[in-house]
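See structure below.
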Amino acid sequence: MLGALKEAVTGLGRDQQAPVRVMIVDDSVVIRGLISRWIEEEPDLEVVARHRNGQLAVEDIESSNPDIVVLDIEMPVMDGLTALPLLLKKKRGLTVLMASTLTRRNAEISLRALSLGATDYVAKPESTSQSLTSTDFRRELIEKLRHLGAVNRAQDDGPLAFRRMRKMRAETSAGQRPSVEAKPAGAIDTRSALRQAKVVAASGAGGYELRPYSSAVPRVLTIGSSTGGPQALQVVLSGIGASIKNVPILITQHMPPTFTTILAEHLGKVLGIPSKEAEDGEVIQAGHVYVAPGGYHLRVAKKDGQVIATLDQEPPINFCRPSVDPMFDSVAEVYGAATLAVVLTGMGADGSQGTYSIAGRGGSVIAQDQKSSVVWGMPGAAAKSGNCSGILPLEQIGSKVSRLLEGTFG
């Protein structure tokens, strides 16, 4: 009995080391071949199927059993949006990465696909020749396949693996509680938080150092998000209620051009308040949503006694443009202790350095918790920085922000 259990656990360990299984669905034979070659050069990824339309993918999904599907939008016979729900129905918990060129129509379809169950998207260059030479497209695609495929496998490797993953998440979440918050008070020296965060990281302890919420009523809400962000943004902002009109809302969501335009328009329709891509030099107003345009960093500055938006195309930060860090840094400089920041689901650590600026000036930071995040990269890095006042499930963030904007700190 013990021998069988040991063999099963050992087998699970080997299983966890197996490459992430990828299905490629694209009507272009060149693109299918290109992505396949890229994947084959990565030891932790493998191609298990390649199809030229959605119908073939649906028919093969159970046999190939991929961890993740790269799904083109425009294909003959059956397009990606039609195939998406059929794929998800046939394989529970499947991770689907939509792929499309940067047209307005494709951006709208990609965002709709996210609402229908796709996990994320990747923007393809406009032409095949550009795809062949685009290092950014390759890097983004491989990074997302690696991270999202691994998350899918961790949840789908059988009862024992799932229990182990849940236990690991519980041990690394904030105190194994549904939410973790500090009590309101004045600002704390961030050096103390940094020292404690280092101790936590070194010891592998489950709790994170939390700072008290600022005693100042927020005069701005600034949000950073990436993978899973469009859905998370809608949940948070819809949950704030009427107090959303008390402050300007500045958002950096990792998205390419056109996609950010559609996102801003969508948020405006959902929230019933003005929402648009930020424009360089425009005055920032309460009750308005400003989204960083794809390809531009969004910052704020003071001019003639007013706060204005500034845009620039300085080099990417954390491989991102727009990046959350410069937005957080500038907002903290302008609004100080009246800054309220939220870090939502996303890969990487963008925004974590900006939390030091916010905490150092007495502002407040809330991070989405691990269980409710599609990927606990960005919010996890913020939580581990020691600069957060709360680590909350997605569904609780909006109501907490509402209370803070109304001056209710308890």
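The values are calculated or read from the model by the stated rules, or taken from the named source; none is laboratory data. These figures come from a predicted structure and were not determined experimentally. Cβ sites come from the backbone with ideal geometry, for glycine too, and all protein chains shown count toward neighbours.
Return the only residue of Gly272, Gly229, Gly239 being out of contact with any His (no Cβ under 6 Å at 6 or more places or on another chain), under 27 Å from Ala99 (Cα atoms) and either free of Cβ contacts under 8 Å to residues at least 24 places away in the same chain or among the small types (Gly, Ala, Ser) (or both).
Values: Gly272 fails: under 27 Å from Ala99 (Cα atoms); Gly239 fails: under 27 Å from Ala99 (Cα atoms).
It is Gly229.
Between a residue in segment 138-154 that is in the same structural domain as Arg37 (by TED's automatic domain parsing) and at pLDDT below 90 and any residue that is outside any helix (DSSP H, G or I) and among the charged types (D, E, K, R), which pairs come within a Cβ distance under 6 Å, given they are 6 or more apart or on different chains?
Once the first residue is in the same structural domain as Arg37 (by TED's automatic domain parsing) and at pLDDT below 90 and sits in segment 138-154, its partners that are outside any helix (DSSP H, G or I) and among the charged types (D, E, K, R) give Gly149/Asp67; Asn152/Asp67; Arg153/Asp67.
Could you list all residues from segment 104-121 that are in contact (Cβ under 8 Å) with a residue 60 or more places away in the chain and exposed (fewer than 15 other Cβ atoms within 10 Å of the Cβ)?
Arg104, Ser115
From the set of residues in segment 381-398 that are closer than 23 Å to Leu298 by Cβ and surrounded by 24 or more Cβ atoms within 10 Å (Cβ to Cβ), which is nearest to the chain's Cα centre (by Cα)?
Applying the filter and picking the extreme gives Ala382.
Which residues, taken from segment 399-410, are surrounded by fewer than 21 Cβ atoms within 10 Å (Cβ to Cβ) and either of a type in the set (Gly, Ala, Ser) or not in a loop (DSSP other than H, G, I, E, B) (or both)? I'd like the intermediate steps shown before the answer.
Residues of segment 399-410 surrounded by fewer than 21 Cβ atoms within 10 Å (Cβ to Cβ): 399, 402-403, 406-410.
The answer is Ser399, Ser402, Arg403, Gly407, Gly410.
Please go through segment 42-70 and pick out each residue that is under 26 Å from the mean Cα position of the chain (by Cα) and surrounded by fewer than 19 Cβ atoms within 10 Å (Cβ to Cβ). Step through it out loud before you land on a result.
Taking segment 42-70 first, the residues under 26 Å from the mean Cα position of the chain (by Cα) are 42-47, 65-70.
Answer for segment 42-70, where residues must be under 26 Å from the mean Cα position of the chain (by Cα) and surrounded by fewer than 19 Cβ atoms within 10 Å (Cβ to Cβ): Glu42, Pro43, Asp44, Glu46, Asn65.
Hey, could you check segment 286-295 for residues that are touching a Leu at 6+ places or on another chain (Cβ under 8 Å) and either surrounded by fewer than 21 Cβ atoms within 10 Å (Cβ to Cβ) or of a type in the set (A, V, I, L, M) (or both) and say which is farthest from Ala123 (Cα to Cα)? Spell out how you get there, then give the answer.
Within segment 286-295, the first condition is being touching a Leu at 6+ places or on another chain (Cβ under 8 Å), and the residues that meet it are 289-293.
With the extra rule that they be either surrounded by fewer than 21 Cβ atoms within 10 Å (Cβ to Cβ) or of a type in the set (A, V, I, L, M) (or both), the set shrinks to 289, 291-292.
Values: Val289: 24, Val291: 18, Ala292: 17 Å.
Among those that are touching a Leu at 6+ places or on another chain (Cβ under 8 Å) and either surrounded by fewer than 21 Cβ atoms within 10 Å (Cβ to Cβ) or of a type in the set (A, V, I, L, M) (or both), it is Val289.
For segment 116-129, which residues satisfy the criterion of being under 20 Å from Asp27 (Cβ atoms), in contact with a helix residue (DSSP H, G or I) (Cβ under 8 Å, 6 or more places away or on another chain) and either at pLDDT below 65 or not charged (D, E, K, R) (or both)? Show your work before the answer.
Looking only at segment 116-129, we keep the residues that are under 20 Å from Asp27 (Cβ atoms), and these are 118, 121-129.
Subset that is in contact with a helix residue (DSSP H, G or I) (Cβ under 8 Å, 6 or more places away or on another chain): 118, 121-125, 128.
Ala118, Tyr121, Val122, Ala123, Pro125, Thr128 - these are the residues of segment 116-129 that are under 20 Å from Asp27 (Cβ atoms), in contact with a helix residue (DSSP H, G or I) (Cβ under 8 Å, 6 or more places away or on another chain) and either at pLDDT below 65 or not charged (D, E, K, R) (or both).
Do we have Ala332 as without any contact (Cβ under 8 Å) to a residue 60 or more places away in the chain, touching a helix residue (DSSP H, G or I) at 6+ places or on another chain (Cβ under 7 Å) and surrounded by fewer than 22 Cβ atoms within 10 Å (Cβ to Cβ) here?
Values: without any contact (Cβ under 8 Å) to a residue 60 or more places away in the chain: yes; touching a helix residue (DSSP H, G or I) at 6+ places or on another chain (Cβ under 7 Å): yes; surrounded by fewer than 22 Cβ atoms within 10 Å (Cβ to Cβ): no.
In short, no.
Just give me the residues in segment 286-318 being of a type outside the set (A, V, I, L, M, F, W, C) and farther than 17 Å from Ile223 by Cα, in sequence order. Walk me through it before giving the result.
Quick first cut of segment 286-318, residues of a type outside the set (A, V, I, L, M, F, W, C) only: 287-288, 290, 293-297, 299, 302-306, 310, 312-316, 318.
Result: Gly295, Lys302, Lys303, Asp304, Gly305, Gln306, Asp312, Gln313, Glu314, Pro315, Pro316.
Could you tell me whether Ala57 is more than 26 Å from Leu267 (Cα to Cα) and touching a Leu at 6+ places or on another chain (Cβ under 9 Å)? Quick ask: steps written out before the conclusion?
On the way: more than 26 Å from Leu267 (Cα to Cα): yes; touching a Leu at 6+ places or on another chain (Cβ under 9 Å): yes.
Yes: the conditions hold for Ala57.
Scan segment 346-380 residue by residue and report those that are part of a helix (DSSP H, G or I) and under 12 Å from the mean Cα position of the chain (by Cα). Quick ask: steps written out before the conclusion?
First, the residues of segment 346-380 that are part of a helix (DSSP H, G or I): 352-360, 378-380.
Matches in segment 346-380: Met378, Pro379, Gly380.
If you scan segment 362-380, which residues turn out to be in contact (Cβ under 8 Å) with a residue 60 or more places away in the chain, within 23 Å of Val96 (Cβ to Cβ), touching a strand residue (DSSP E or B) at 6+ places or on another chain (Cβ under 6 Å) and buried (at least 24 other Cβ atoms within 10 Å of the Cβ)?
Hit for segment 362-380 is Met378, nothing else.
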